[in-house]
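Note sheet for the following structure.
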Amino acid sequence: MQTIEDQINSCMSMANLTKDISLELQTEEQSIEIQSIEIKQQLNGDPVQVKYSENQLQEENIMKSQWQVINKVWNCSIFNQEVISKELYQNLSETYYLLNKLHQKAIDLTKMYNEVADFLPRFFQAIKITFIGILQLEQIGLITNDKDIMSKSINEEYNINLNTKKFNQKAICILLEFVIAHVLSHISVLFETIQVRREKQELRSLVIYLSKLQTCLEQLPGAAKLDNDDIFCYNRTDPRWQGLNSIIKEVVLGTREQISNSYGKVAEGILLANAMISKGSEFNNETAKNVMQGFGALYYLVAKKDAKLKADHFMAEPNKNLVFKAWNLGESGFLSKLLPLLFPMITYNKKIYIPQLFKRLVQDNILRQYKEDKINRIQNDCGECINTNLPKCPELFTKNKEKIPVRVLCHYNLQEIQTDSFMQQSLKLLQGQKVFDKIVIHIHGGGFVSMSSRSHQTYTRKWAKNLQVPIFSIDYRKAPEDPYPFGLDDCWQAYMFIMNYIDKYFNIKPKKVVLVGDSAGGNLVAALTIQIIKSGARIPDGILMAYPALCLDIKQFTPSLLISLNDPLLHHTVLKLCISSYVPEQFDAKLDPLMSPSIASDEILVRFPPTRIVLGTNDPLHDESFRLANKLLKLGKDVKIIEYKWMPHGFLSFDVIQGMKEAEQTVLDAQNIIQNLLTC
């Protein structure tokens, strides 16, 4: 049997270092048992909270002692001060010092508590993660001394293999400053307090901060590789921002505190959803599942502090199926029956089912474009539709799993044309039937894995009613069952059918069309526009993207991604799950503009229609929109950004009862943008 020293040495070997670095959460039955104990403790006046208060002063003193290292004059010989900035030297030295200190502390705690089953796996996890960080910084040390990193090699995911002339010192500083202030200092406190009291609260917190540290270390190679001329390496007062500043409209909807409090209400709902799912997930019996979900909801409605800690713990090492289920609560089950209460009234609301008539976006074709270096070039290969056998009108309204569902919303009762006779169609239209020549095509968000046109009706119905134009909202296939390029192909097929054949089924002859999408839907709007341009099809008259995901390269660093480490909706682990679910291994998000639209070539971008982007400053996806806008601006394209100060990701969907009052204005602003794009 291995000694504890042997186990420690084994976990740091290169063969095992990055294996099982993220451990599975405890079973949900265990979670329920723990939470039941917590409830009893609250009801019985258990002194846990009193103990916590008694130790708060000690924790504060520990934190202060950790921060004393900030003003230390560093003399870390592994980094060559001659070739890096003073700021970078300071951050590298301080991070290296703290990682070594925490690494040794984790080893000491492992030896001290090797009999404590709950804590031991976490200490091993801490040993691994801190050792990876140490090796990464030693790689940077070798690079600053112009030496090869092979002696400190980890694996492709963590290696920093650049030269001093290329690596981005500013980006590394941004990341390390965050790690020092918001991650390592907290782990230091946790390690000290765990020696005083070994409680579930500390274990959960340790899981949360180790998860954050792991994500930061995953981002370190991306920070080192970031282009030194990237706009986010410079302040907005820098001349490089001059052009961008001219197209940005900053909107303040409230004070920072007001918006934070308002978003807090939404966050509580997210926490509640996670609690409900985690409570019921381990029960096969549907009745028991519903009862336990309700039990979790009732408890966490009262114990909001516990709800946040439990949710953070749940998200630190999330179960993919449970997370996606929580995101889809409004689409199925009890909550789906309540959701329509939030929808505005609308005259016309039906689904049509669109066949796949045009050249398909399929894996073989995309991989061939990779091989021939054509993925980022115009092909003009749209061609004719491959199937001219158009469905009869009743067939278009008949649900069919082989076809693409599209929700049609309109303030007006659309005429459904039941005849194939063009002459009879024309006669009806001449008799006074209104013909719509402007339309909106909407693509919903949801991380490529959840939600639908249904859940986005909180605002799409408002737009249809106020704009008085038909809105077609596409229900594309979603990951992980149907990853890229299936969802994009659905959007492409729906767009082409609507633009070419919708007049055969409705009193609609589109002369103006605007594409609109939020989050993942924003990605699909941009990707669809690129596909339209590549193929030589009819380009839309404008596009509006709300907080779009424009880069799906999971290793690409940008400062706003650090927001995800504390964001209840777009949590860093969920971001990784969504991207890994949507992007199969055989595709390359670094090279493919249909996945990462911000890398589209000038050849494609120069043909982009008027482009509008709305986003908030407190959004992990914030930065990439500016990179795309900057490229469009340099090409002389019509591009504008509305930037809402302190607003979070997903704000369009928060314009509901008990949502964010500030979101109402964002929905109106988006509506006005669409109106302008349709009329210009």
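The values are calculated or read from the model by the stated rules, or taken from the named source; none is laboratory data. Just so it is clear, the model here is predicted, and its values are computed rather than measured. Positions of Cβ are backbone-derived with ideal geometry, glycine not excepted, and every protein chain shown enters the neighbour counts.
Given the options Leu575, Leu591, Leu615, Leu605, name the one that is buried (at least 24 other Cβ atoms within 10 Å of the Cβ), in contact (Cβ under 8 Å) with a residue 12 or more places away in the chain and in the same structural domain as Gly522 (by TED's automatic domain parsing).
Going through Leu575, Leu591, Leu615, Leu605 in turn, just one is buried (at least 24 other Cβ atoms within 10 Å of the Cβ), in contact (Cβ under 8 Å) with a residue 12 or more places away in the chain and in the same structural domain as Gly522 (by TED's automatic domain parsing): Leu615.
Within region 216-260, count every residue that is outside any loop (DSSP other than H, G, I, E, B) and under 17 Å from Thr666 (Cβ atoms).
So the count comes out to 8.
Mind listing whichever residues of region 174-218 are farther than 28 Å from Ile554 by Cβ and among the acidic types (Asp, Glu)?
Glu192, Glu199, Glu202
Name the residue, out of Lys512, Lys428, that is modelled with pLDDT under 95, out of contact with any Ser or Thr (no Cβ under 6 Å at 6 or more places or on another chain) and not aliphatic (A, V, I, L, M).
Lys428
Residues are listed down the side, and each one gets a yes or a no for (1) surrounded by fewer than 13 Cβ atoms within 10 Å (Cβ to Cβ); (2) of a type in the set (S, T, N, Q); (3) over 20 Å from Gln104 (Cα atoms):
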{"residue": "Met150", "(1), (2), (3)": "yes, no, yes"}
{"residue": "Asn155", "(1), (2), (3)": "yes, yes, yes"}
{"residue": "Glu199", "(1), (2), (3)": "no, no, yes"}
{"residue": "Leu203", "(1), (2), (3)": "no, no, no"}
{"residue": "Asp230", "(1), (2), (3)": "no, no, yes"}
{"residue": "Pro239", "(1), (2), (3)": "yes, no, yes"}
{"residue": "Gln242", "(1), (2), (3)": "yes, yes, yes"}
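Can you tell me which residue within region 134-178, out of those that are of a type in the set (Asp, Glu) and over 29 Å from the mean Cα position of the chain (by Cα), is nearest to Ser93 (Cα to Cα)?
Here the answer is Glu138.
So which of Ser188, Ser151 is closer than 25 Å to Ser13 by Cα, in a helix (DSSP H, G or I) and in contact with an Asp or Glu (Cβ under 9 Å, 6 or more places away or on another chain)?
Result of the check over Ser188, Ser151: Ser151.
Can you confirm whether Leu142 is outside any loop (DSSP other than H, G, I, E, B) and either touching an Asp or Glu at 6+ places or on another chain (Cβ under 8 Å) or on the phi > 0 side of the Ramachandran plot (or both)?
Judged against the criteria, Leu142 is a match.
Looking at (1) at pLDDT below 95; (2) touching a helix residue (DSSP H, G or I) at 6+ places or on another chain (Cβ under 8 Å), which is the only condition Asn387 fails?
Failing condition for Asn387: (2).
When you go through (1) crowded, with 23+ Cβ neighbours inside 10 Å; (2) more than 21 Å from the chain's Cα centre (by Cα); (3) in a strand (DSSP E or B) one by one for Lys512, which number turns out not to apply?
(1)
Could you list, ordered by first residue, the pairs with Cβ atoms under 7 Å in which the first is in region 366-377 and over 15 Å from Tyr484 (Cα atoms) and the second is outside any helix (DSSP H, G or I) and polar (S, T, N, Q), at least 6 apart or interchain?
Asn376/Ser601; Arg377/Ser601
Out of Leu524, Leu488, report the one residue that is outside the structural domain of Ala171 (by TED's automatic domain parsing), over 22 Å from Thr666 (Cβ atoms) and part of a helix (DSSP H, G or I).
Only one candidate qualifies: Leu488.
Among the residues of region 528-550, is any more than 27 Å from Gln493 (Cα to Cα), in contact (Cβ under 8 Å) with a residue 24 or more places away in the chain and surrounded by fewer than 21 Cβ atoms within 10 Å (Cβ to Cβ)?
No, region 528-550 contains no residue that is more than 27 Å from Gln493 (Cα to Cα), in contact (Cβ under 8 Å) with a residue 24 or more places away in the chain and surrounded by fewer than 21 Cβ atoms within 10 Å (Cβ to Cβ).
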